[in-house]
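All of the numbers you see were taken from the coordinates with simple rules; none came from a lab. Every value quoted in this text rests on a predicted model; they were computed, and no experiment measured them. Backbone-built Cβ (ideal geometry, glycine too); neighbour counts: all protein chains shown.
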């Protein structure tokens with residue numbers, strides 16, 4: 001039998017650790033025909049057939065000629081994304097009973113497992129999206145029943161509107177018993193003017209709604225519902241097909257950095273939109289994108305606030321503070337003949353004082369980019385960022401060390417990176433080597449053993465059990481997680 005094998009590297013490593021290992025982002029590959037049966041039971045024949053037909057439409061790259069792909073700029077979609085040669089891992093990703101059997105060999109004590117049907121949460125057809133998410137949630141609750149001591153699945157919550165999100169969240173938590181949830185961090189919406197004046201173009205002219213800043217909806221009721229139900233929203237939002245990731249021929253070009261780009265858009269909106277100011281107890285997880293983008297964002301926020309907080313703007317960048325007499329004198333003395341015809345531009349109070357063309361006065365209601373955050377001092381950035389945001393990192397990501405290097409981060413911060421095995425995907429050729437690969441960071445002195453404990457255990461506890469202190473109740477890691485929550 002294929003399970004009769006020598007101890008894996010990860011199991012040997014786990015036996016040397018003085019703490020459990022929690023996988024913050026495992027994955028399951030649902031068998032599609034089974035999903036279709038759940039969908040048919042929930043939504044009926046017509047919606048199910050529409051869904052099956054829409055899957056062909058969403059894969060239009062495969063049905064287009066090379067010339068059509070270029071003409072319509074159809075980006076190259078993912079392909080060959082599941083294990084193949086390692087057939088045992090393929091079976092493990094599909095079969096929860098086998099997944100549980102192999103956890104020890106993976107060096108993992110407990111796993112939070114996410115769906116691989118990420119397309120469903122983004123489906124533009126309202127009926128298909130909502131029924132599809134419900135089908136996934138019912139299916140995975142059934143599939144992983146009996147394994148709650150070692151595995152918990154994450155519910156998928158559609159969020160094109162806060163109302164649909166609240167409805168599915170209440171169903172999953174209150175009626176099924178889910179503890180972990182996955183949302184989308186971005187929603188693609190048609191540009192209103194295009195949808196109104198040229199509706200046939202509305203699907204080709206969209207904007208990215210990051211749900212927390214300039215959104216089409218007020219999502220505060222949904223965030224409040226997450227607090228009320230004690231769940232931490234986590235996201236695997238895709239960045240493929242937008243921004244620069246629109247290659248017609250190269251999937252790798254589209255894949256690199258796409259989760260990071262979507263995660264940054266959502267995280268930045270949550271912060272500048274004031275969500276962590278209004279809901280300081282809420283925790284968010286950004287998965288599969290690594291943490292390097294977050295290190296950059298965190299430090300950029302400090303550097304932007306220093307130069308562009310409202311007081312500094314008025315003191316140093318408001319055109320009203322220009323010394324126009326001095327400027328005119330400098331223009332007269334050093335500007336030469338070519339500048340003389342424009343001297344009055346520099347002396348008039350409403351003239352254009354700089355190198356760029358003049359513009360209308362700024363809207364006074366849009367001057368303070370930080371208003372929603374409520375920030376009064378630079379230290380508030382730390383307080384509204386570090387405790388609230390968690391970042392899923394895969395084992396082969398060497399930039400994880402940047403999160404734990406307080407010397408390079410403002411206020412000595414260590415960002416909350418969490419171990420994400422990402423098993424069942426193409427980037428994990430052998431499930432049993434993932435944990436051991438992550439430990440290379442310690443062997444190479446890139447992080448400490450204490451950092452590794454936070455990475456593979458404590459940070460995941462703080463994310464998922466920050467609001468729900470009973471998240472790990474009844475699991476094999478319950479006693480150890482209580483020590484983390486108690487501050488030990």
> Among 267-280, 82-95, how do they line up from the highest to the lowest mean number of other beta-carbon atoms within 10 Å?
Replying inline: 267-280, 82-95
> So what's the chain giving for Rg/Rh, alpha carbon basis, Kirkwood Rh from the mean inverse pair distance?
Replying inline: 1.03
>> Let me check against my output: what whole-number percent is the relative contact order of the chain, with C-alpha pairs under 8 Å and at least 6 apart?
In response: 20 percent
> If you count, for each residue, the other Cβ atoms within 10 Å and average over each peptide, how do 185-193, 137-145 line up from highest to lowest?
Replying inline: 137-145, 185-193
> Across segment 174-269, how large is the tail of the calculated P(r) beyond 24 Å, expressed as a percent of all Cα pairs?
Replying inline: 36 percent
> R0 = 41 Å: FRET efficiency of residue 296 with residue 321, Cβ-based, nearest 0.05?
Replying inline: 0.85
> residue 414 versus residue 216, label points 7 Å from Cα toward the beta carbon: distance in nm?
Replying inline: 4.2 nm
> With the Cα gyration tensor of segment 376-488 giving a ≥ b ≥ c as the square roots of its eigenvalues, does the rule (a/c under 1.5 for rounded; else a/b larger than b/c for prolate; else oblate) give rounded, prolate or oblate?
Replying inline: oblate
>> Given points 7 Å out from each Cα along the Cα-Cβ axis, report the residue 67 to residue 339 separation in nanometres with one decimal.
In response: 5.8 nm
> Roughly what % of Cα-Cα distances in segment 67-208 sit above 20 Å, to the whole percent?
Replying inline: 60 percent
> Could the peptides 38-45, 106-113 be put in order, highest first, of the mean number of other beta-carbon atoms found within 10 Å of their residues?
Replying inline: 106-113, 38-45
> For residue 329 and residue 310 in the same chain, what is the full-extension length gain: residue separation times 0.36 nm, less their Cα-Cα distance, in nm?
Replying inline: 3.9 nm
>> I'd like the projected area of segment 310-354, averaged over all directions, using the convex hull of its alpha carbons. Report it in nm² with one decimal.
In response: 3.2 nm²
> Once the piece of chain linking residue 485 and residue 167 is laid out straight, how much longer is it, given 0.36 nm per residue of separation minus the C-alpha distance between them?
Replying inline: 111.5 nm
>> Once R0 is set to 25 Å, what does the formula 1/(1 + (r/R0)^6) return for the Cβ-Cβ distance between residue 246 and residue 368, expressed as a FRET efficiency to the nearest 0.05?
In response: 0.15
> Given the chain, what percent of its DSSP beta bridges are antiparallel, to the nearest 5?
Replying inline: 15 percent
>> Whole angstrom only: what separates the Cα centroid of segment 368-418 from the Cα centroid of segment 189-250?
In response: 24 Å
